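One structure below.
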Ligand SMILES: Nc1ncnc2c1ncn2[C@@H]1O[C@H](COP(=O)(O)OP(=O)(O)OP(=O)(O)O)[C@@H](O)[C@H]1O
Ligand SMILES: [Mg+2]
């Protein structure tokens, strides 16, 4: 069925022109001459898009827009305005309008904005449909994890992957596996046989990122001795992964937005518009919401990328995945190094599960690789773990202090407890003080009072 568009416009010539042009594009058109008529029509049926004039005889377009958005929070509205009212048009976009069109407009601009708005709507509907679809059990191939949080995420990943054109934003702390998820989206999508191209937005200076992304013509700048294709061209038919999107310089953001929306761009220094078919997947460990509020990330780009959004949970929120991941990394490293896969001591398992993993999966991988080297192929024991993880052992292995029958004074209990913690921390006062919850200075004073000379000169 044709998508239905409502045109609210008091100027008869413009109203009829819109109807003719859009009907030729295959859309169904309803007309309204003022705000009241427009609202009545809007409430009576379901429109894919509303083209709304701002200057109406009975009410201001901004009021009409607000009323429509109240009726339907997803309503897609393009406002039309003459130049002097551009500021109001911007207010409209802030109030939820999809975009605005300046009058007088070229018919091509009109067609383009309508096409884009409806494309966005189709993508949203597609994502919604996929979200409602029946779940497919199990994790994604090559990705380890069976915790509820991880399975929920892989499920969303699978569904979003299936919608070949939907842009995706992947959020998560550093080392959680965002790039793995991005690759899974490509591999599980209908574009899997197309190219997979990566651009790290934080790695290069602004000018270089621009020519990497869009390419450049010969002579576009001093060093441009020859024309070069951009990553967008290389990703044609496949997926472009924009890593660390939060670091993309502000001036480049509207250019990227345009490329996403129109699937077209120009090389730096180039005139010709190049058409591509690319899916955009972006990742960030930064708080884009906060950046949008602070004005360092464009809201329109944020919304466009965030059509399909995936949050990768931190490792501490998926404890059941820790041991399977540890075993996976150990087996992997052992295979590469030509060693037999070692056992993991039960005490090690408990320590790994208790630790907070601020560096997430990447930190776990590093810890297991290091442990394999230190163990030389024997079982992995607590002493093969980094101190900050093994320190969990110190805290845990401290048995109740007052033995049966021995009634000790508080001072004596304190002294014995400090002694144990010092020993468990290998004499490291900073770590012991942290475990004890006192300052290092207090700890030093106590050690001096107890006359424990062996600890006085030990590691800080
Ligand atoms: N579920 C998983 N199964 C197996 N390996 C994983 C999984 N998740 C992450 N990894 C591995 O952990 C490491 C870190 O993952 P990745 O590079 O994707 O993280 P990231 O979120 O992109 O990190 P950063 O924010 O630092 O860029 C990689 O070696 C990756 O292969
Ligand atoms: Mg990454």
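Coordinate-derived values only; no laboratory data. None of the values given here were measured: they were computed from a predicted structure. We place every Cβ from the backbone using ideal geometry, glycine too, and count neighbours over all the protein chains shown.
Scaled against the 2.2 N^0.38 Å expected of a compact globular protein of N residues, the Cα radius of gyration of the stretch 410-456 reads 0.98. Over all Cα atoms in the stretch 332-378, the spread is summed up by Rg and Dmax: 11.1, 31 Å.
Averaging Cα coordinates gives a centre for the stretch 202-237 and one for the stretch 1-79; these two points are 41 Å apart. Distance between the pseudo-spin-label points of residue 82 and residue 408 (7 Å out from Cα toward the beta carbon): 8.9 nm. Sequence-distant contacts, meaning Cα pairs under 8 Å at least 6 residues apart, place the relative contact order of the chain at 11 percent. In terms of overall dimensions, the stretch 12-151 has a Cα radius of gyration and Dmax of 19.2, 62 angstrom. Most simply put, the chain has about 10% antiparallel DSSP beta bridges, counting only bridges with both residues inside it. A viscosity of 1.567 mPa s and a temperature of 4 °C, combined with the Kirkwood radius over Cα pairs in Stokes-Einstein, give a translational diffusion coefficient for the chain of 48 µm²/s. Within the stretch 4-129, antiparallel bridges make up roughly 5 percent of the DSSP beta bridges whose residues both belong there. Computing FRET efficiency as 1/(1 + (r/R0)^6) for residue 128 and residue 198, where r is the C-beta to C-beta distance and R0 is 22 Å, gives about 0.15.
Counting helices only, and only those DSSP H runs with n ≥ 4, report the 222 nm mean residue ellipticity of the chain as the sum of -39,500 (n - 2.57) divided by its residues, in deg cm²/dmol to the nearest 500. Provide the component values of the computation, followed by the final result.
Values: 20 runs with 222 residues, N = 460.
My calculation for the chain gives -14500 deg cm²/dmol from helical runs alone.
In terms of packing, defined here as the mean over residues of other Cβ atoms within 10 angstrom, the peptides 108-118, 335-345 line up highest first as 108-118, 335-345. In a Debye calculation with equal point scatterers on the alpha-carbon sites of the stretch 316-397 and no solvent, what is log10 I(q)/I(0) at q = 0.12, 0.15, 0.16 Å⁻¹? Debye output, listed in q order: -0.29, -0.46, -0.52. For the stretch 141-313, the alpha carbon positions stretch 54, 39, 25 Å along the principal axes, listed from largest to smallest.
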